[in-house]
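One structure is given below, encoded as structure tokens.
The values are calculated or read from the model by the stated rules, or taken from the named source; none is laboratory data. None of the values given here were measured: they were computed from a predicted structure. Note: ideal-geometry Cβ built from the backbone for every residue, glycine included; neighbour counts use all protein chains shown. Just so you know, the surface numbers come from the protein's heavy atoms only, side chains and all, with ligands and any DNA or RNA stripped out. Shrake-Rupley method; radii C 1.70, N 1.55, O 1.52, S 1.80 Å.
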Amino acid sequence: MKKTPILLHFLHSMAFTELTDLDLWLQAKQDKGVAFKTLFDRYWEKLYVYAFNRLKSEADAQDIVQEVMISLWSRRATLDIETSLAAYLHTAVQYEVLNHFSRTARMADRSMEYEQTILPELNSYTAPLHLKELATMAANEITRLPEKMQQVYRLRQEKNLSVKEISGLLNISEQTVRNQLNASYQKLKKHLKEAILLAIFLQGN
């Protein structure tokens, strides 16, 4: 029986699940996205549970694990893991959890104004992508924001208006503007990281 492309892809993916962590990591270092996805699937739940048990936030836990995995991929060519991959990933997530608590403590004493847009923060993760492609992803995600949130975001990032100017223009409080900006940045960061992971998984197949 002739094998369809979907069946071939499934069989190819299944073969990777039989490999050790080291074998998969060596394949990932050679730009094999399916090998990296196998590692991602192998460790995602354990890392997520660890992060969630400490943060008590599904969104924050998911964000941290995605960030660790994207960072792992972006550094694959130069990163030498001297411990086991499991130990490395656990330590990386633990470190990011501590960073999260540190950032939260610092923000408690000041306004949650974000002075930069999302693209600069994610530039270091664009190994599988061209910056133009990432910009296109960002533009698409912006159009998916709720209407009011999108309006505030565009006035801030595209028109370069201050929080005070946006507040006066839209007749809403400055705190509402800050809340809308914060929510828009969090949504964009989440969706862009998911898009980047998808691009990684499809690379080198």
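Key figures
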| quantity | calculated |
| --- | --- |
| Candidates LEU11, LEU98, LEU22, filtered to the one that is assigned to a helix (DSSP H, G or I), open to solvent by 40 Å² or more (accessible area, probe 1.4 Å), more than 14 Å from ILE200 (Cα to Cα) and at pLDDT 90 or above | LEU22 |
| Filtered residues of segment 37-52 (kept if surrounded by 18 or more Cβ atoms within 10 Å (Cβ to Cβ), farther than 14 Å from THR17 by Cα and of a type in the set (A, V, I, L, M)) | LEU47, ALA51 |
| Residues within segment 175-202 that are open to solvent by 30 Å² or more (accessible area, probe 1.4 Å) and β-branched (Val, Ile, Thr), tallied | 1 |
| Answer residue from segment 74-90, given it is within 18 Å of the chain's Cα centre (by Cα) and under 16 Å from TRP44 (Cα atoms) and is surrounded by the most Cβ atoms within 10 Å (Cβ to Cβ) among those | LEU89 |
| Evaluation of PHE36 against (1) over 16 Å from the mean Cα position of the chain (by Cα); (2) in a helix (DSSP H, G or I) (one fails), failing number | (1) |
